[in-house]
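K.L.:
Take this structure, written in structure tokens, and hold onto it; I'll ask about it next.
The values are calculated or read from the model by the stated rules, or taken from the named source; none is laboratory data. Just so it is clear, the structure is predicted and the values come from calculations on it, not from any experiment. So basically every Cβ, Gly included, is an ideal-geometry build from the backbone, and we count neighbours across all protein chains shown. Surface areas here come from the heavy atoms of the whole protein model, side chains and all, with no ligands, DNA or RNA. Shrake-Rupley method; radii C 1.70, N 1.55, O 1.52, S 1.80 Å.
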Amino acid sequence: VSTLRNLTDASDDIWRTLRVWMDAGRAGDPYGPILTLITNSSAGAGSAASFLRVSGRDVESALALLESTARNSRSKETEAARMQFLKLTSSDRSTFVGRIYVADQSADLDGVDEEVAERLRPGAPIEQFDIYLDLVWAWWGRTSIAMLSGKRGAVSVQETLTALEGIRDRFTRDNLPSLVDVNDIDLDSTAQRHEGRMYVHQLKILNVLPRQLQKAILDYQRAYLQETRWLDVHLVHYDELDKFSERLVDEWERAFDHMCAELPAGASDEDKRAAGRKLLHMLGDSTLSIRAKFDDPFHARGRRHALADTLDIGWHPEFEEHLSKLLLQDA
């Protein structure tokens, strides 16, 4: 970190890396993966590492230098790796070194972001490129953690391309990227702040379970933040959100009227609460979305709770009467 060293044939960095690769799989497997040593250090002129670059590649010279160093070096730090290398058959050593590539003088952390951006820019959404890049890094971060913790294997080129295409396709006219993760929400503090909100009272009228109430608060807050971020980066406009709200209200009106019509005359309040819970669940499973290919249901669920907060929709067949009594009590 503090100094840049040349990658000499006896370098600890070289032999430590070779040992990791030998431990990780069959060194002599001709169908094994390409092994790339990426470093911001420099491969010394005429060294084995210099012969393993993509340009000016000379595997035979690199192999001869590594074998000579393995036999003649007296370094205690690299002894175990050198002995392990020499225990390989001549054929396996040749195959192993043939799969090794050295990418020296690579960009450091300060330059990686821009280098990745330049590689991804062709074909990426132009106006929302920064958001696109953030989503790519987020995917890579999750994937890297999963690999490092042993929860998944290596990432193939095809999987990477598929992931990049999937992220890019979220920016088409009939889709939107999801910019708010569940972990972005502090549920405890949000629940405390929303205790007196009308949509929360509407749910309490139904006697929903505590977890259902928590999920509703999570959907509301996540949808609110999602819309705020979409607006900030001009992915949607207010008129599109308003039109989506109109579609949600129309859907609710049809379902609400059907619920009320199906209730028998003289239905008990518990029957009405049960009907309201059924309506809430049914609309929660609706596929209605702000755009055709945006298929994350949290936004529509959260937007419904926002409409319930302004009393544009409700769940209990007599939700307006219940909330009117509540408002009178508070007054």
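K.L.:
Pick from Gly46, Gly32, Gly56: which is out of contact with any Leu (no Cβ under 9 Å at 6 or more places or on another chain), part of a loop (DSSP other than H, G, I, E, B) and either among the aromatic types (Phe, Trp, Tyr) or farther than 27 Å from Val155 by Cβ (or both)? Before the answer, list the steps.
P.N.:
Values: Gly46 fails: out of contact with any Leu (no Cβ under 9 Å at 6 or more places or on another chain); Gly32 fails: either among the aromatic types (Phe, Trp, Tyr) or farther than 27 Å from Val155 by Cβ (or both).
Just one listed residue meets the conditions, Gly56.
K.L.:
Search region 65-87 for residues being basic (Lys, Arg) and either in contact with a Leu (Cβ under 6 Å, 6 or more places away or on another chain) or open to solvent by 30 Å² or more (accessible area, probe 1.4 Å) (or both), and hand back the single one that is farthest from Ala107 (Cα to Cα).
P.N.:
Of all residues in region 65-87, those basic (Lys, Arg) come to 71, 74, 76, 82, 87.
Next cut, either in contact with a Leu (Cβ under 6 Å, 6 or more places away or on another chain) or open to solvent by 30 Å² or more (accessible area, probe 1.4 Å) (or both) only: 71, 74, 76, 87.
Working: Arg71: 33, Arg74: 33, Lys76: 31, Lys87: 35 Å.
Restricting to residues being basic (Lys, Arg) and either in contact with a Leu (Cβ under 6 Å, 6 or more places away or on another chain) or open to solvent by 30 Å² or more (accessible area, probe 1.4 Å) (or both), the top hit is Lys87.
K.L.:
Residues to consider are Val116, Val112, Val97, Val102; find the one that is in contact with a Lys or Arg (Cβ under 6 Å, 6 or more places away or on another chain) and not hydroxyl-bearing (Ser, Thr, Tyr). Even if it seems obvious, please write down each step before you answer.
P.N.:
Numbers: Val116 fails: in contact with a Lys or Arg (Cβ under 6 Å, 6 or more places away or on another chain); Val112 fails: in contact with a Lys or Arg (Cβ under 6 Å, 6 or more places away or on another chain); Val97 fails: in contact with a Lys or Arg (Cβ under 6 Å, 6 or more places away or on another chain).
So the residue among Val116, Val112, Val97, Val102 that is in contact with a Lys or Arg (Cβ under 6 Å, 6 or more places away or on another chain) and not hydroxyl-bearing (Ser, Thr, Tyr) is Val102.
K.L.:
Of the conditions (1) out of contact with any Ser or Thr (no Cβ under 9 Å at 6 or more places or on another chain); (2) over 25 Å from Lys76 (Cα atoms), Gly28 clears all except one; give me its number.
P.N.:
So the condition that Gly28 fails would be (1).
K.L.:
Any residue at all in region 102-125 that is open to solvent by 50 Å² or more (accessible area, probe 1.4 Å), touching a residue at least 60 places away in the same chain (Cβ under 8 Å) and assigned to a strand (DSSP E or B)?
P.N.:
Taking every residue of region 102-125 in turn, none turns out to be open to solvent by 50 Å² or more (accessible area, probe 1.4 Å), touching a residue at least 60 places away in the same chain (Cβ under 8 Å) and assigned to a strand (DSSP E or B).
K.L.:
In region 49-64, what residues are surrounded by 20 or more Cβ atoms within 10 Å (Cβ to Cβ) and either touching a residue at least 40 places away in the same chain (Cβ under 8 Å) or among the aromatic types (Phe, Trp, Tyr) (or both)?
P.N.:
Narrowing region 49-64 to residues surrounded by 20 or more Cβ atoms within 10 Å (Cβ to Cβ): 49-52, 62-63.
Correct list: Ala49, Ser50, Phe51, Leu52.
K.L.:
Follow-up question, since we're still on this one. Counting residues that are surrounded by 15 or more Cβ atoms within 10 Å (Cβ to Cβ), modelled with pLDDT of 95 or more and among the hydroxyl-bearing types (Ser, Thr, Tyr), which helices (runs of 4 or more DSSP H) fully inside region 254-331 reach at least 2? Steps first, answer last, please.
P.N.:
Working: elements: 269-284, 298-309, 319-330.
Passing ranges: none, list empty.
K.L.:
Would you confirm whether any residue within region 35-48 is of a type outside the set (A, V, I, L, M, F, W, C), free of Cβ contacts under 8 Å to residues at least 12 places away in the same chain and at positive phi?
P.N.:
The initial filter retains those residues of region 35-48 that are of a type outside the set (A, V, I, L, M, F, W, C), namely 36, 39-42, 44, 46-47.
Restricting the remaining residues to those that are free of Cβ contacts under 8 Å to residues at least 12 places away in the same chain gives 46.
Remaining after also requiring at positive phi: 46.
Yes, the conditions are met somewhere in region 35-48.
K.L.:
Where residues in region 206-251 are closer than 20 Å to Glu127 by Cα, among the hydrophobic types (A, V, I, L, M, F, W, C) and touching a residue at least 40 places away in the same chain (Cβ under 8 Å), which of them is surrounded by the fewest Cβ atoms within 10 Å (Cβ to Cβ)?
P.N.:
Val233
K.L.:
What number of residues in region 143-183 are among the aliphatic types (A, V, I, L, M) and assigned to a loop (DSSP other than H, G, I, E, B)? First the steps, then the outcome.
P.N.:
Of the residues in region 143-183, the ones among the aliphatic types (A, V, I, L, M) are 145-148, 154-155, 157, 161, 163-164, 167, 176, 179-180, 182.
Of the ones still in play, those that are also assigned to a loop (DSSP other than H, G, I, E, B) are 154-155, 176, 179-180.
Adding up the residues that qualify gives 5.
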